[in-house]
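Peer 1: Pasting a structure here, questions to come.
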Amino acid sequence: MKSHNTTPKPAAAIATLLALTLALALHAATAPAARAQQTQPPPTWTLNADGHLSLDGHPQFLSGANYIPSRDWYMILKNWTPTTIATIETDMKAMRDIGVRIIRFPPLWPLLQDDDGNINTTTLDHLDELLTIAHRNNITVQVEFFTGGVDGATMLPTWAEGNIFTDPRIIARETELVTAIANRLKNNPGLFGYDYGNEIDILYRRLMRGLKIHATPAQIRDWMLTITHAAKTADPARTVAPGLASGRSPDTPFNVWNIADATDFATVHAYPYFDGTIKYDPWLGQRTLYNMNYALAYAAMAGKPVMVQENGFSEWWVGNHHAIASALRISLVGTWAQGGIAYLWWGSHDNPLDYRIPVEKNARFSQPQVLDGGIMNHLEYAEGLLDSANRPKIYGHEFKRWAALIERLGVNWRETLPTLYLLQPDDTGKGFPDKIQLTAFTLAKQAHTNVKLWPEQTPIPPDAAAVIIANIALTEKGKANIARYLNAGGTVYQSWVNDFAKNITVAETGDTLENPAFQVTLPVAGVPMRNTPGFPLFDGERLRVNVPKLKIKTITSITGPETRVLLSTIPEKSADKKSLQKQPVFTETKIGAGKYYYLAANLEDALVWTYNPWLADNSDKIYRVLRPDHPIDIDTKLVELYAKERDGEKILVLLNRSDATQLVTVYSRDAVALQNYETRAPLGAGREISITLKPGEVLIATMTGD
C-alpha cells in the first residue's frame, strides 16, 4: 500500500475545513443538548432470557467493528483538538454508512490513570464526548476498562506494573477507575456496556514473563468478580464482558467457566493466522473458516450468550480483498446463523502507514518493533473495513450488504437440523487436544448437522441426536454420563478408545496404514438388515481416509449378535495369491436402547496433520452415520447448511466454505420452492434443486411448499 500524501490538494483542503467547521458547530450546538438529554434514562441494551440482545425490549443482532481511529491511533483521547472531534465525527459517519451498529473502543490505561494513580477527568470528558458523537450516528459503544496491551504495545501506569490480579493495592486503584468510568458514562445514550480490557489475558502473559507474576484460575475468577461487582454497583443497567477469548481447558486462568461466573456473556477472538489453522487448510478452507465457529461453540458451552468480538483477515496475510470479503461474509453470517449475539470485525480503519506508537518508559513489555521505533506489526496497518481516508474497501461494502440483510432477517430463528454434541474432555493437566476437536467439529459440520460442544462431566442434553467422542479416553464421570445416555436410547461415536462396547476386544497394538481405504461391509450372515433412511454407506463401496498414515487398533474378537461391522480393512494378496483376512475397523453395537459406533483408528488426529485433505477424503461419511433422517439435506460436504424456522417461515442458509465453485443439490422429502431471500429471484422447485455457489459465496433462501 502506498503511503498517504500529507499535503492536501485544494479540494481536499476545502473538504477538511468544512468538516472541521461542521464538527465545531455540532460540538457547540449539541453539548448543552447532550447534557440535557443525559438527564433522561438512556436507551439500554439488555440480554433476553432467550440469549439475544435487546434495545429497550426489541431483540436484534448487532454487526460492528473495533474502532481504530483513522488518525492518531488510540492517542486520540489525549490529542483532543477540534481536528480530533472532526475526525471522530467523520469516522462515525463513514462507519454508519457501511452498516456498523456497534463499536468497541479501548481507552489506553495510562491516559485514564496517571503514574500516581490519579484519574484523568479530562480524558473521561473526551471519552464521554466520543460516545455522544457515536450515538448521534446511531452507533453504540462497548468501552474497555484496562487496555494495557494493544497492537503489540504494552502501556501501563507505573503503579500497575505488578500483579494486577492479586495485589490489593493495585486492585483498589483498578476499582476506582472502573467506578469513575461507569459513573461518567452510565447516562450517555451511546453506551452499550463494558469489558475488562483488550485481551487482558495476553497482558497477563506479558507481565508473567517480564515480572514473573502468577495467578491461579481461582484468583483470576475472584479478580473478574471484583471488577464486575464494581461496574455493576456504579452502573447496574449495563453488561460486562471479558474482552478476550476463553482458555480451552479448566486449568487455564481465563477459562470459560470462570468467565461465565463473572460476566454477562462470553466473547470470541478468532484469527486463522494466530490460531494456526492456516497450517491445515487454505485461507478459504474448512478448518480455517470453521475455526471461529468452533470457538463460538466452545464459549457457548458454559451456558452464556456469545459475542464474536474480534475476527479478521489482514491484507498483509491474505493480500486479496475479494478473498477477505468472502471470509468476512462467511464469518458474519455464520455467527448470526450459529446463534451469536453480535459480530465485530477487527478493525474499523487502517492505521496510516506513517503512524508510530509513542514509545514511553512503561512500554518495556511491548513487542520489539514497538520499542525500537513505535512500529506496529504489519497486519495492524491493513485490516480496516475503511482505509484511513474513510473510503470503504471491497470487504467494507460486503460488510454493509450482509449486515443489512441480517438486520432484515432478525433473530429468534429455530435451527431444525439434528444436533450433534462434540464431547469436550475434562483434562486438567493433560493438555487440551484443540486441533483434534476442531477437526471433529469440521467433520460433523460436513455431515450437515447442528454442532454444539459439551463438557464430559455434565449429563448429555435431551436434544442430542448423537454424541461424538473424538480420539479421547473419558474420565469415570464422563463414562457414567455417556452410559446413561446410551441406555436411554442415545447414539454415540468414539474413535481410537473403546470405552463402551464390552463385547469387542481391542488389542493395544495395531498397524499403521499408508493412504488407507476401507470397504463397507454391511450384511451379517443369517441376520436380516435394513438401513435407516439417509444412511450414507453402501454395501461394497470403498471409503478413503485421505491421510498419509493412519493408526488402527486390531479388533481381535466380536461376540454376540448386537454388533455389526460397517467398515473393514481391504485384504492384500499374499504370496500364494490367497486373500489375507480383512479386519473390522468400524462397528455398530446396540447398548441398552441406544447405538454405539466405534472406530478403531486415530481418524481426527491423523487428519490434523494432513493439509487440506477434504476433496479426496470420505471421512464425513463416518460422521453421517450419526445423522438421523431429516427432511432437508444437501450433497456437498464443503458447503455448510442451516435449516431454520420462525413463526411458520422457513429459510435455508448455505455457506460455501471453500475456494472452489460448488454445485449444490438441495434434497427435500417433500416438494418445495426456493427463492433468494436477498433478491427474491426464484431458485427452483421440486424435491431436487441444483444451485451453483461461487468460492466463498453465501446464499439465504426462503423455502415454501411447491
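No lab work stands behind these numbers, since they all come straight from the coordinates. Because the structure is predicted, anything quoted here is derived from the model rather than measured. A quick note on method: Cβ atoms are made from the backbone with ideal geometry, for glycine too, and the neighbour counts reach across all protein chains shown.
Peer 1: For H321 and E176, FRET efficiency with R0 = 51 Å and r from the beta-carbon atoms, rounded to 0.05?
Peer 2: Numbers: r = 45 Å, r/R0 = 0.88.
Efficiency at R0 = 51 Å is approximately 0.70.
Peer 1: Treating the stretch 78-200 as a set of equal point scatterers at the Cα positions, no solvent, please give the Debye-formula log₁₀ I(q)/I(0) at q = 0.09, 0.10 Å⁻¹.
Peer 2: Those come out to -0.26, -0.31, one per q.
Peer 1: Equivalent-ellipsoid semi-axes (√(5λ), Cα gyration tensor) for the stretch 189-344, whole Å, largest first? Mind showing how you got there, number by number?
Peer 2: Numbers: eigenvalues 157, 73, 40 Å².
The answer is 28, 19, 14 Å, longest axis first.
Peer 1: Pop a pseudo-label 7 angstrom from the Cα along the beta-carbon direction at both D629 and N377 and give the gap in nm to one decimal.
Peer 2: Once both label points are built, they end up 5.1 nm from each other.
Peer 1: To continue, here is another question. What is the helix-to-structure angle for 10-37, meaning the angle in degrees between its Cα long axis and the longest Cα principal axis of the chain, kept from 0 to 90 and rounded to the nearest 10?
Peer 2: Taking Cα atoms only, the helix is inclined about 90 degrees.
Peer 1: Which links in K304/K445; K400/K445; K445/K553; K435/K621; K93/K279 stretch past 29 Å when you go from one Cα to the other?
Peer 2: On the way: K304/K445 22 Å; K400/K445 27 Å; K445/K553 26 Å; K435/K621 20 Å; K93/K279 39 Å.
Listed pairs above 29 Å: K93/K279.
Peer 1: Sticking with this structure for a sec: For D261 and T121 in one chain, what is 0.36 nm times their gap in residues minus the Cα-Cα distance, to one decimal in nm? Numbers along the way, then the final one.
Peer 2: Details: separation 140, 0.36 × 140 = 50.40 nm, distance 3.17 nm.
Contour length minus the Cα-Cα distance gives 47.2 nm.
Peer 1: While we're here: In terms of Cα to Cα distance under 18 Å, which lysines are near enough to K590, apart from those fewer than 8 places away along the same chain?
Peer 2: K590 reaches K479, K502.
Peer 1: Right, here's the next one. May I ask you to compute the full-extension gain from T692 to E514, defined as 0.36 nm times their residue separation minus their alpha-carbon distance, rounded to one decimal in nm?
Peer 2: Value of the extension gain: 60.6 nm.
Peer 1: For the stretch 570-656, just the Cα set please: Rg and Dmax, both in angstrom.
Peer 2: 19.0, 68
Peer 1: Give me the aspartates and glutamates in straight-line cross-link reach of K582: C-alpha distance below 14 Å, same-chain residues under 8 apart excluded.
Peer 2: The reachable aspartates and glutamates, counting only those whose Cα sits under 14 Å from K582, are D511, E572.
Peer 1: So, one more: Counting chymotrypsin sites (Phe, Trp or Tyr not before Pro) as exposed when in a DSSP loop with at most 13 other beta carbons within 10 Å, what is the longest stretch of the chain free of them? Please list the in-between numbers first.
Peer 2: Details: sites that count: F538, Y611.
It runs 1-537.
Peer 1: Can you give me the P(r) profile for the chain? Cα pairs, bins 10 angstrom wide beginning at 0, each as a whole percent.
Peer 2: So the P(r) values, bin by bin, are 3, 14, 23, 24, 18, 11, 5, 2, 0, 0.
Peer 1: Quote the FRET efficiency, to the nearest 0.05, computed for R96 versus Q581 with a Förster distance R0 of 60 Å and r equal to the Cβ-Cβ distance.
Peer 2: Details: r = 70 Å, r/R0 = 1.16.
For R96 and Q581, the calculated efficiency is 0.30.
Peer 1: What does DSSP give for the chain in terms of the percent of beta bridges that are antiparallel, rounded to the nearest 5? Please list the in-between numbers first.
Peer 2: Numbers: 71 of 119 bridges.
Roughly 60 percent of the DSSP beta bridges within the chain come out antiparallel.
Peer 1: Based on the Cβ-Cβ distance of D167 and R544, what FRET efficiency does E = 1/(1 + (r/R0)^6) give at R0 = 51 Å, to the nearest 0.05? It would help to have the intermediate numbers written out before the result.
Peer 2: Details: r = 58 Å, r/R0 = 1.13.
That gives a FRET efficiency of 0.35.
Peer 1: How far is helix 321-337 tilted, in degrees, relative to the longest principal axis of the Cα atoms in the chain, given as a value from 0 to 90 rounded to the nearest 10?
Peer 2: 80
Peer 1: For a paramagnetic label modelled at 7 Å from the Cα of R364 toward its Cβ, which residues of the stretch 113-155 fall within the zone defined by backbone nitrogen distances under 16 Å?
Peer 2: Output list for this probe position: 115, 154-155.
Peer 1: Which whole-number percent is the relative contact order of the stretch 321-436 (Cα, under 8 Å, 6+ apart)? Before the final figure, lay out each step's value.
Peer 2: On the way: 94 pairs, mean separation 34.2, N = 116.
Reported relative contact order: 30 percent.
Peer 1: Amide H of T44: which non-local residues (sequence gap of 5 or more, or other chain) have their own amide H closer than 5 Å, using H built in the peptide plane?
Peer 2: Hits under the 5 Å cutoff: D56.
Peer 1: State whether the stretch 632-705 is rounded, prolate or oblate according to the following rule on the C-alpha gyration tensor (a ≥ b ≥ c being the square roots of its eigenvalues): a/c under 1.5 gives rounded; otherwise a/b larger than b/c gives prolate, and the remaining case gives oblate. Intermediate values should be presented prior to the final figure.
Peer 2: On the way: a/c = 1.67, a/b = 1.48, b/c = 1.13.
Here the stretch 632-705 falls in the prolate category.
Peer 1: Now a separate question. Given 0.36 nm per residue, what is the gain on full extension from E645 to T46 after removing their alpha carbon distance, in nm? Write out the running numbers ahead of the final one.
Peer 2: Working: separation 599, 0.36 × 599 = 215.64 nm, distance 2.43 nm.
Answer, rounded to one decimal: 213.2 nm.
Peer 1: Once phi is turned into ³J(HN,Hα) by the Karplus curve 6.51 cos²θ - 1.76 cosθ + 1.60 with θ = phi - 60°, what whole-Hz value does each residue of the stretch 209-216 show in order, with x for glycine and proline?
Peer 2: In residue order, the calculated couplings are 6, x, 10, 6, 7, 8, 9, 7 Hz.
Peer 1: Specify whether the C-alpha gyration tensor of the stretch 48-412 places it in the rounded, prolate or oblate class, a ≥ b ≥ c being the square roots of the eigenvalues: rounded for a/c under 1.5, otherwise prolate if a/b is larger than b/c and oblate if not. Intermediate results must be reported in sequence, preceding the final value.
Peer 2: Values: a/c = 1.24, a/b = 1.17, b/c = 1.06.
Rounded shape, in that the Cα axes give a/c under 1.5.
Peer 1: Here is a follow-up. Rounded, prolate or oblate, given the Cα gyration tensor of the stretch 203-295, with a/c below 1.5 counting as rounded? Let's see the in-between values first.
Peer 2: Details: a/c = 2.66, a/b = 1.57, b/c = 1.69.
The shape class here is oblate.
Peer 1: Using only alpha carbons, build the gyration tensor for the stretch 286-406 and give me the equivalent ellipsoid semi-axes, biggest first, whole Å.
Peer 2: Numbers: eigenvalues 162, 76, 30 Å².
Over the Cα atoms of the stretch 286-406, the ellipsoid semi-axes are 28, 19, 12 Å.
Peer 1: Tell me the relative contact order for the chain as a rounded percent, counting alpha carbon contacts under 8 Å between residues six or more apart.
Peer 2: On the way: 1512 pairs, mean separation 77.0, N = 706.
Value for the chain: 11 percent.
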